[in-house]
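Okay, structure first, notes after.
The values are calculated or read from the model by the stated rules, or taken from the named source; none is laboratory data. The model shown is predicted, which means the values in this text are computed figures rather than measured ones. Cβ: placed from backbone, ideal geometry, glycine included. Neighbour counts: every protein chain shown. These accessible areas exclude ligands, DNA and RNA; they are computed on the full protein's heavy atoms, side chains included. Shrake-Rupley method; radii C 1.70, N 1.55, O 1.52, S 1.80 Å.
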Number of protein chains: 4
Amino acid sequence: MSIRVAVVGATGYAGAELVRILAGHPGVTLSLITSRQHAGTAFSTVYPALAGHVDLACEAFDPDRTAEAADVVFTALPHKLPMEIAPSLLGRGVKVIDLSADFRFRSAAAYEKAYQPHAAPELLAEAVYGLSEVNREAIRRAKLIGNPGCYPTSILLPLVPLIKDGLIEADSVLADSKSGVSGAGRSPSLTTLYSEVTESFKPYKVAVHRHNPEIDAVLSEAAGRHVHAVFVPHLLPMSRGMLSTIYARPVPGVTSDAVADCLAAFYADAPFIRLTGRRPPDTAHVRGANYCDIGFVLDPAAGRLILMAAIDNLVKGAAGQAVQNMNLMTGMDETAGLGAAPHPI
Amino acid sequence: MSIRVAVVGATGYAGAELVRILAGHPGVTLSLITSRQHAGTAFSTVYPALAGHVDLACEAFDPDRTAEAADVVFTALPHKLPMEIAPSLLGRGVKVIDLSADFRFRSAAAYEKAYQPHAAPELLAEAVYGLSEVNREAIRRAKLIGNPGCYPTSILLPLVPLIKDGLIEADSVLADSKSGVSGAGRSPSLTTLYSEVTESFKPYKVAVHRHNPEIDAVLSEAAGRHVHAVFVPHLLPMSRGMLSTIYARPVPGVTSDAVADCLAAFYADAPFIRLTGRRPPDTAHVRGANYCDIGFVLDPAAGRLILMAAIDNLVKGAAGQAVQNMNLMTGMDETAGLGAAPHPI
Amino acid sequence: MSIRVAVVGATGYAGAELVRILAGHPGVTLSLITSRQHAGTAFSTVYPALAGHVDLACEAFDPDRTAEAADVVFTALPHKLPMEIAPSLLGRGVKVIDLSADFRFRSAAAYEKAYQPHAAPELLAEAVYGLSEVNREAIRRAKLIGNPGCYPTSILLPLVPLIKDGLIEADSVLADSKSGVSGAGRSPSLTTLYSEVTESFKPYKVAVHRHNPEIDAVLSEAAGRHVHAVFVPHLLPMSRGMLSTIYARPVPGVTSDAVADCLAAFYADAPFIRLTGRRPPDTAHVRGANYCDIGFVLDPAAGRLILMAAIDNLVKGAAGQAVQNMNLMTGMDETAGLGAAPHPI
Amino acid sequence: MSIRVAVVGATGYAGAELVRILAGHPGVTLSLITSRQHAGTAFSTVYPALAGHVDLACEAFDPDRTAEAADVVFTALPHKLPMEIAPSLLGRGVKVIDLSADFRFRSAAAYEKAYQPHAAPELLAEAVYGLSEVNREAIRRAKLIGNPGCYPTSILLPLVPLIKDGLIEADSVLADSKSGVSGAGRSPSLTTLYSEVTESFKPYKVAVHRHNPEIDAVLSEAAGRHVHAVFVPHLLPMSRGMLSTIYARPVPGVTSDAVADCLAAFYADAPFIRLTGRRPPDTAHVRGANYCDIGFVLDPAAGRLILMAAIDNLVKGAAGQAVQNMNLMTGMDETAGLGAAPHPI
């Protein structure tokens, strides 16, 4: 029996990636997709790559029609919109996986400090932060998922096990992250034009990016006390891929083996985590796939642990993790629809 | 029941793409891979992207061991080597799909003019040129396939139906082709260094490329007389993808509708041909997939038909078409293992 | 003594390239720059690359102020605007070099067929088409220049000498052109986003591009009769650079040497034309410079001459040729301000 | 009167960039270039971009001939070779600017730990580390320059003033650096192939790069005590450009203004340092130019200073800084030959 799913906001880059994955997912039927901008247009006209794979036309969003058509709804909209429509969907009995920031915070105050007034604060208590490997059990039972940001995913997956096990000093964390431009979305803007991006590399929103409080909140929960990480995002001259290089001070006496063991234990049953040891991960190795590749080096002279994690920002950083969460919520195999190998180059 | 397959020359770009496709193919067991350079090394060490998908180590080639392990063998080697080993494999009863030029010509003389003395000319009569959609029935019965070159694939698929139906003047053909650099392979060379390729675009081997006689041979067969096409290849600043823009003089009276009808009829049952009409194809829409997208425009003022075809040079231009041919040869569904959708971007 | 120059529309890509060249030009003083969008903002805030080289702030356009400040005015605006302001500038005694299409046609009817009603048709008779090497003497005496389009520049420079000398059949011309995306300008649009362009190659506006009548007009003038060329533009995954591959039928008896001699004679005193013989030109070799590199191959079996020309679309295809024309109009050395070597890579 | 200069090793990327700059330098005559690989070949055959700018052919290296032809010799060779030939050149009275690591260390032991036995340790005492803005006076008097590595240049320029003035804790430094692939040179290798680099981003030589001791040595000298910085280099999918993001703990009480003032004072007379304040620098803004753009942000919540510096690795990181040093050594204007503006895009 097949789960019926809908994608609300299907023509942004994350939405389209969701459509691609769901169209090939053996356990679901993609029954409805919406797009305000492209309502009435065939999805394969907007994305000709998918001709022959997706026959649906985009519709305008309607909560009744969506709730009728789907058991699980993915909302891939700019923040602010999802919190306005999620109550109407949940109230009609469907499960919601939101890819925006609207349901990532447990505290409305924290959300509002970084974003804006929250329209549905009563839902925050039941929403589950969808970092699949960290919150797997809660996700299985969830009706509403706040799917993590791409930067937080790449920073938290290597850090959480080490902080939980007390191997690093939680307040020593610096995360230097680099992202491909697809993370900025499909809306035309000067900063994402080809001629502005190629042969360009630069930091942006230094120490003021909205993903910083999201990172801090999860690290604080893992540490059991308030933690603030230094976070500097950079824009890479490439489309897909994200890599975070993370610096932390190990607790005295912690060895390379202890770090390796901690990660191996935490991710023993995690099909999408590949531990690369001392070999640094590479965004090219995870392109198009749901993997998070994690490597590390201990610099004993400096007393620093250097963690490195690579993901595809549109897959493990967005659509792929969302489907992974759907798999968990519906009792399907965690890897269903996500098993295709990355290309060798 | 699963077909056992081997890839000889598994660590070049086309070989690795074969390994990726075959590792995910539901009807085959990838039982053996060889690499002279990497013998003894795990494939996933050479291509970390495929960690978790391929567990084999590379071996040195041995005909006995290969023939024992596999029902079908793909040879993804530089030309000259395949014609030396193919007889030993065919003699042991396995089917061979060769991705080099060694078995693409019916005439040893034609091969030898473009390449070198042929070591197994007696096999040329039984070898089938593996342009899947054009030679489907012969491929089904073949034991030895000469898999087409990437340029010829992108040029012949739009042209053959029109020439066979007499809609264009066969000796008016000019093909202006553009290829990503992965077609040049994985051996380090100055011309394929990143700094030499980025922000660079240039023709090369103008009117002297070895794919020209291959193109001419197939066009001549379709036309029923000797035909020579002008062929100019160019190198694109990208990794994967090939697009050919082809100019031909339509026979007087031929309309746009007649061209569309001819292509639609010829490719009615071809799952990997997508006809895009007047919308030009784009390499991005076929990236990683086995499609050939074909569009065309008739310029009546100039009396010219402009055909455009896009493929992924490593998939429909090499590994994908090879697997498509294997599917035909073994009676599997033509699309088996090749059905994943391209990414939206 | 220094010529005073102004750039109207200084913050588009062509305008900014003009500013760069003029700021380093030994014979001019850049006295005024305008930008509707950035009026009041320092140019180096819009283009930080030029900090330390340009101290001007952008102004709103005012014809009086512009005519007072400058002897020569470059208009780097979208077509339609230049023909509205050019009369006011010419009437105040300044020379105008327009980079749009507004003054490229001798006939208002031809312009209006491709573009829109012409607002200043009386100026077309005195406007000179600024293809520097072809119209050098007329440019020296001109007060109003219609600076050529980038595609026409790359197509006409190799063709005009051969057509004038009667070496090729003028109505056999097919031009397959490929351009970097900077030619599409700096206004945000979906089609020029990094994620849409990278690893993508495609034709566009096949046989309907507005540069086609511009090309036809100049070829017709050179041939002394009406000529229509087939023209197919393509978009390259790179920022700067354009290469046209041009196919033409040589007149019977024409040899490779005759072609070489014709080009060498025509361009004997042309400092920005580099003839590369059989070696194909490469956009990387002209990047950032005002060169047009031209090579050719004669395919005797096919009876075709294959011409290849590479330019930087923003330099020889726009700003550089405009400055070259200014040099001619003001009696300066033709290469003044344009002599810097391209980077080796 | 013109200084005569030679480039030994002129066909690598840094050597070719030297040739480009020196060919356009108003105060020098480029009298001789050498290349083992291309001896006897015209430089413009190896680098067609420079046709019309460089008429020399490459020669095999000969110390007598080189010393006769040149007053200043640039050695742009892999390390180990320069220390073998420098004595022969210095002994003949010419000045030497070496772009390798051979003369960057004051201590033979430090060099030998990172590289190999030193062949000319007696020269280390007189060699001057060519970080132009930091060692300007010593460079003016030097006969032998060890031109800095590209990574050290981008890391030391922002740090040295702050460490000298005691504004940051010298042993808290972490440098996360990202480089375009041209830094890896022109010798074909798998890791710098286009298909390996595009859409790939990865760390390499984590905490074990040979530039680390070079960085440490200069920081230690500035701090007056031994300092070890954490240093993680990364490879960017681009050709030219380097950006370092540097994290350091400010001394208690240090404000943003204090940091700004310190940098402004130190670089008051430095024509190639552009301070960007809170606006992050961008490699695109320095492409092809000798600038080092430096910005910074103080994160008070974390108690961290985040410094960011962008250079073109082949210019300020190699050839440009070498010419800047030559200008200082010969009493020419520091900016001679280096004044061209970067392109706007």
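Annotation for D:GLY331, label-to-label distances across the other copies: 3.9, 9.0, 9.3 nm (shortest first, one decimal, point 7 Å from Cα along Cα→Cβ). Note on A:336-343: average number of Cβ atoms from other chains within 10 Å of each residue's Cβ is 6.
Rounded to the nearest 0.05, the FRET efficiency derived from the C-beta distance between A:GLU68 and A:GLU126 at R0 = 25 Å is 0.60.
The apolar share of the surface of region C:6-55, taken as the fraction of accessible area on carbon and sulfur atoms (1.4 Å probe, ligands and nucleic acids excluded), comes to 44 percent. Accessible surface area normalised per residue over chain D is 32 Å², counting heavy atoms of protein chains with a 1.4 Å rolling probe. The order of the peptides D:111-118, A:151-158 by mean Cβ neighbours within 10 Å, most packed first, is A:151-158, D:111-118. Residue and distance for the chain C Cβ closest to the axis that moves C onto A, in whole Å, come to C:PRO188, 2. Rounded to the nearest 100, the interface formed by chains B and D buries 1500 square angstrom of accessible surface, both chains summed, with a 1.4 Å probe. With the largest listed first and rounded to whole Å, the semi-axes of the equivalent ellipsoid of region C:240-308 from the Cα gyration tensor are 23, 15, 8. Which of the pairs B:LYS202/D:LYS178; B:LYS316/D:LYS178; B:LYS205/B:LYS316; A:LYS202/C:LYS202; C:LYS164/C:LYS202; A:LYS205/D:LYS202 have their Cα atoms more than 25 Å apart in this structure? Over 25 Å apart, Cα to Cα: B:LYS202/D:LYS178; B:LYS316/D:LYS178; A:LYS202/C:LYS202; C:LYS164/C:LYS202. Between region A:314-331 and region D:121-195, how many Å separate their Cα centres? Between the Cα centres of region A:314-331 and region D:121-195 lies a distance of 45 Å.
Distances between equivalent label points of A:ARG4 across the copies, with each point positioned 7 Å along Cα→Cβ, amount to 4.8, 7.4, 8.8 nm, shortest listed first. Using a simple spin-label model with pseudo-atoms 7 Å out from Cα toward Cβ, D:GLU137 and C:ALA301 lie 7.3 nm apart. For C:HIS226, the accessible area of its heavy atoms, probed at 1.4 Å with every protein chain present, is near 150 square angstrom. Among the residues of C:172-178, the average count of other protein chain beta-carbon atoms within 10 Å of the residue beta-carbon is 4. Label-point distances for D:SER256 to the equivalent site in the other copies, using a point 7 angstrom along Cα→C-beta, read 4.1, 5.9, 6.6 nm when ranked shortest first. The largest accessible area among A:LYS178, D:LYS95 belongs to the first residue in D:LYS95, A:LYS178, and the rest follow in falling order (1.4 Å probe, all chains). With a cut-off of 13 Å on the backbone N, the residues of region A:1-44 near the modelled label site 7 Å out from A:ASP55 along Cα-Cβ are A:30-31.
Model label points for C:THR191 and B:ALA265, set 7 angstrom from Cα along the Cα-to-Cβ axis, are 3.4 nm apart. Comparing A:VAL46, A:PRO161, A:PRO213 along the charge dipole axis of chain A, the residue lying farthest to the positive side is A:VAL46, per the Cβ-charge model. Ligands, DNA and RNA excluded, the heavy atoms of C:THR41 present near 40 Å² of accessible surface to a 1.4 Å solvent probe.
Residues C:ASP257, C:ASP64, A:ASP102 ordered from highest to lowest accessible area at a 1.4 Å probe: C:ASP257, C:ASP64, A:ASP102. Sorting B:HIS343, D:HIS211 on solvent-accessible area from highest to lowest, probe radius 1.4 Å, gives B:HIS343, D:HIS211. Compared with the dominant principal axis of the Cα atoms in chain D, helix D:81-91 is inclined by about 70°.
Helix D:150-164: angle to the longest alpha-carbon principal axis of chain D, degrees 0 to 90, nearest 10? Helix D:150-164 and the main axis of chain D meet at about 40 degrees.
Cα centroid separation, region B:1-56 to region D:242-285: 50 Å.
To the nearest ten degrees, helix A:13-23 and the longest principal axis of the Cα atoms of chain A are 70 degrees apart. The accessible-area loss of region A:3-50 on complex formation, taken against its chain alone with a 1.4 Å probe, reaches 40 Å² or more at A:TYR13, A:ARG20, A:PRO48, A:ALA49. Take the solvent-accessible surface of the protein heavy atoms, probe 1.4 Å, and return the percent of it on region A:221-291 that carbon and sulfur atoms account for. Solvent-exposed carbon and sulfur of region A:221-291 make up 53 percent of the total.
Rounded to 0.05, the FRET efficiency of the B:THR29 and D:HIS226 pair, given R0 = 41 Å and the Cβ-Cβ distance, is 0.10. The smallest convex shape that holds all Cα atoms of the protein assembly as shown, its convex hull, gives 179 Å³ per residue. Roughly what % of DSSP beta bridges within chain B run antiparallel, to the nearest 5? Percent antiparallel among DSSP bridges in chain B is about 45.
Taking the helices alone, the protein assembly as shown has a mean residue ellipticity at 222 nm of -8000 deg cm²/dmol, built from -39,500 (n - 2.57) per DSSP H run of at least 4 residues and averaged over all its residues. The antiparallel fraction among DSSP beta bridges confined to the protein assembly as shown stands at about 45%. For the segment C:298-309, counting C-beta atoms of other chains within 10 Å of every residue's C-beta and taking the mean gives 4.
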